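Take a look at the structure below.
The values are calculated or read from the model by the stated rules, or taken from the named source; none is laboratory data. Only a predicted model underlies this, so the values are computations on that prediction, with no experimental measurement involved. Counting neighbours? That spans all protein chains shown, and the Cβs are built from the backbone with ideal geometry, glycine included.
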Amino acid sequence: MVVLAILQHFIFSRLVILGASPDILAVFVAYVSVIIGQRTGIVFGFSAGLIAGFLSGNPGLAALIGTIEGFISGFFHVSPESHPTMVKKRRMFYFGAATSIAAGNFIQTLLSNPLALPAWVRIPSVLIIGTLMSMFLAVLIYQLALKKILRD
């Protein structure tokens with residue numbers, strides 16, 4: 001988680017388009033919540049947000065956003081007792097990641113610096129562009145690494 005937080009702070013947060021950037025920590029929290037469960041996802045989200053917040057200088061807001069992302073993506077948890085198929089695991093991961101990232105971006109937009117852009121530009125741009133960039137990152141991570149892990 002520390003490595004992902006460092007990558008997020010020094011690399012992914014620099015890829016800004018209209019105030020939105022991809023969030024690798026949200027993808028990680030969504031994966032943990034969907035595969036392991038909502039409670040574990042909440043703990044991982046809080047921890048990831050706290051680490052990222054200390055790096056960025058705003059630990060309270062980042063921890064809140066990480067906790068909410070873990071909570072929301074936990075609704076898409078895939079129970080191993082249900083004998084899920086690979087398609088169901090992938091679908092639930094994408095739905096969990098998309099909803100939690102969109103919620104995190106919305107909260108970040110509402111509670112962050114209001115002087116950066118006007119609200120009528122900032123809110124839709126961060127919601128749409130930020131979620132799309134993070135989902136592109138989620139698809140890329142899934143295709144490169146998670147496909148083999150979720151096969152089990």
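Could you tell me which numbered condition Asn58 fails, if it satisfies all but one of (1) farther than 21 Å from Gly19 by Cβ; (2) more than 14 Å from the chain's Cα centre (by Cα); (3) not β-branched (Val, Ile, Thr)?
Of the numbered conditions (1) farther than 21 Å from Gly19 by Cβ; (2) more than 14 Å from the chain's Cα centre (by Cα); (3) not β-branched (Val, Ile, Thr), the odd one out for Asn58 is (1).
Among the candidates Val34, Val27, Val3, which residue alone is closer than 18 Å to Ile107 by Cβ and of a type in the set (Val, Ile, Thr)?
Val27
Restricting to segment 10-46, count the residues that are surrounded by 19 or more Cβ atoms within 10 Å (Cβ to Cβ), part of a helix (DSSP H, G or I) and small (Gly, Ala, Ser).
Looking only at that region, the number is 5.
One residue is enough: does segment 95-103 have a residue meeting the conditions over 24 Å from Ile42 (Cβ atoms) and either out of contact with any Cys (no Cβ under 6 Å at 6 or more places or on another chain) or in a helix (DSSP H, G or I) (or both)?
Checked segment 95-103: no residue is over 24 Å from Ile42 (Cβ atoms) and either out of contact with any Cys (no Cβ under 6 Å at 6 or more places or on another chain) or in a helix (DSSP H, G or I) (or both).
Just checking, does segment 111-119 include any residue being of a type in the set (Ser, Thr, Tyr), surrounded by 19 or more Cβ atoms within 10 Å (Cβ to Cβ) and more than 20 Å from Met1 (Cα to Cα)?
No, there is no match, as no residue in segment 111-119 is of a type in the set (Ser, Thr, Tyr), surrounded by 19 or more Cβ atoms within 10 Å (Cβ to Cβ) and more than 20 Å from Met1 (Cα to Cα).
Search segment 8-23 for residues that are of a type in the set (Val, Ile, Thr) and pair each with any residue that is surrounded by fewer than 19 Cβ atoms within 10 Å (Cβ to Cβ) and not in a helix (DSSP H, G or I) when their beta-carbon atoms are under 9 Å apart and the residues are at least 6 apart or on different chains.
Listed by first residue and then by second, the contacts come to nothing, as the list is empty.
Condition first: more than 11 Å from the chain's Cα centre (by Cα) and either at pLDDT 85 or above or not in a helix (DSSP H, G or I) (or both). Now tell me which residues in segment 72-87 satisfy that.
Scanning segment 72-87 gives Gly74, Phe75, Phe76, His77, Val78, Ser79, His83, Pro84, Thr85.
Cβ-Cβ under 6 Å, sequence separation 6+ or interchain: first residue in segment 83-108 and more than 20 Å from Ile149 (Cα to Cα), partner not aliphatic (A, V, I, L, M). Which pairs?
That search, which allows pairs on different chains as well, returns Ser100/Glu69; Ser100/Ser73; Ile101/Thr131; Ile101/Ser134; Ala102/Thr131; Gly104/Glu69; Asn105/Gly130; Asn105/Thr131.
Conditions tested, residue by residue: (1) out of contact with any Cys (no Cβ under 6 Å at 6 or more places or on another chain); (2) of a type in the set (A, V, I, L, M); (3) farther than 21 Å from Leu144 by Cβ.
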{"site": "His9", "(1), (2), (3)": "yes, no, yes"}
{"site": "Leu15", "(1), (2), (3)": "yes, yes, no"}
{"site": "Ile24", "(1), (2), (3)": "yes, yes, no"}
{"site": "Phe28", "(1), (2), (3)": "yes, no, no"}
{"site": "Ser33", "(1), (2), (3)": "yes, no, no"}
{"site": "Arg39", "(1), (2), (3)": "yes, no, yes"}
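Is it the case, given these coordinates, that Arg39 is without any contact (Cβ under 8 Å) to a residue 40 or more places away in the chain and either out of contact with any strand residue (DSSP E or B) (no Cβ under 7 Å at 6 or more places or on another chain) or of a type in the set (S, T, N, Q) (or both)?
Considered against the rule, which asks whether it is without any contact (Cβ under 8 Å) to a residue 40 or more places away in the chain and either out of contact with any strand residue (DSSP E or B) (no Cβ under 7 Å at 6 or more places or on another chain) or of a type in the set (S, T, N, Q) (or both), Arg39 comes out as yes.
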